[in-house]
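The values are calculated or read from the model by the stated rules, or taken from the named source; none is laboratory data. Keep in mind it's a predicted model, so treat the numbers as computed, not measured. Neighbour counts run over all protein chains shown; Cβ positions are idealised from the backbone, glycine included.
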Amino acid sequence: MADLQPGASLLYPADPVYTVGKNYFEVNLRRAYRRKEVFPLREIVAPLLAADPETRHIVMPPAQPFSPSHDGPGPYLEGGDLLCYKHHLFVGESEIATNRAGTEWLRNTVAPLGYEVHPMPMKGTILHLLGIMVLIRDGLLLLHRNELLCELPEPLKKWDVIELSEDEAKAYATVGVSLDEQRYIIPTGLGRVCDELAKRGVEPIEIDFEHVGYWGGCVSCSTHAISRDPV
């Protein structure tokens, strides 16, 4: 990929891949230099896939080449733009990451598996849907609503929403990890959000991730679920 865009990175392995049930997807990042991240991850995950006959390894068709002045048509689909709840997949779309072609490829691919895809257009001032929204547990989510160009999809409309400011979103309030329904790992420095979680019976576990977050991601970006039970 160096002829398209030089560089390399493997700080945030949740972006180039995503797991739906026992289906492991290798997807297309818009930044060409990051697309090769799937290969070292494949070395780690391939033995796990081989050990379970129920797993599937699904590779997205390569994005069409682009010129320095144009991203090209893709399709682009990024792990940070995907949120899974039961048999629903919420997909952030913007001009800086996932595009509609990527969403439609995903829809066609997961429909036979019983999943429904919900596009969520964004302004594109914050990278990824996960950068503005996280599902803490069934019925509770964090959201920086001003970044959305749509309403919350029907499956989420009645959820309790903890509203976030732009500063809280950019401090990665939504880019933590839920260990279970009572514990959420969150970067330090988000005291108000921690208080709101605690009011709802969720223990905020603060972690200093500043030196990794400096490069544009946080706890969730640096971890990846290898299996998601839709039940």
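Structural remarks
- Screening P40 on (1) modelled with pLDDT of 95 or more; (2) not in a loop (DSSP other than H, G, I, E, B) shows it passes everything except condition (1).
- Candidate set from the stretch 60-71 (those that are crowded, with 16+ Cβ neighbours inside 10 Å and at pLDDT below 95); member that is nearest to V38 (Cα to Cα): A63
- Positions within the stretch 71-123 being out of contact with any strand residue (DSSP E or B) (no Cβ under 8 Å at 6 or more places or on another chain) and aromatic (F, W, Y), in sequence order: Y76, W105
- Qualifying residues in the stretch 49-95 (those that are among the hydroxyl-bearing types (S, T, Y) and either without any contact (Cβ under 8 Å) to a residue 40 or more places away in the chain or in a helix (DSSP H, G or I) (or both)) - the one nearest to D15 (Cα to Cα): S94
- L179, sole failed condition from (1) modelled with pLDDT under 95; (2) on the phi > 0 side of the Ramachandran plot: (2)
- Counting only residues that are polar (S, T, N, Q) and either assigned to a helix (DSSP H, G or I) or over 22 Å from E93 (Cα atoms) (or both), the stretch 24-37 holds 0 of them.
- Among the residues making up the stretch 198-225, those that are more than 20 Å from the chain's Cα centre (by Cα) and among the acidic types (D, E) are E203, E206, D208.
- Hey, Y24 crowded, with 19+ Cβ neighbours inside 10 Å, in contact (Cβ under 8 Å) with a residue 12 or more places away in the chain, under 17 Å from E78 (Cβ atoms) and not aliphatic (A, V, I, L, M) or not: yes
- Scanning the stretch 167-199 for residues that are acidic (D, E), farther than 21 Å from C84 by Cα and in contact (Cβ under 8 Å) with a residue 40 or more places away in the chain yields a total of 0.
For every residue, the table says whether it meets (1) farther than 16 Å from L77 by Cα; (2) in contact (Cβ under 8 Å) with a residue 60 or more places away in the chain; (3) not small (G, A, S).
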position: A97; (1), (2), (3): no, yes, no
position: T103; (1), (2), (3): no, no, yes
position: M122; (1), (2), (3): no, no, yes
position: D138; (1), (2), (3): yes, no, yes
position: E163; (1), (2), (3): yes, no, yes
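- For I96: the one exception among (1) of a type in the set (V, I, T); (2) closer than 28 Å to P153 by Cβ; (3) over 16 Å from the mean Cα position of the chain (by Cα): (3)
- For S9, the criteria (1) within 18 Å of H224 (Cα to Cα); (2) buried (at least 20 other Cβ atoms within 10 Å of the Cβ); (3) modelled with pLDDT under 90; (4) not aromatic (F, W, Y) hold in every case but one, which is (2).
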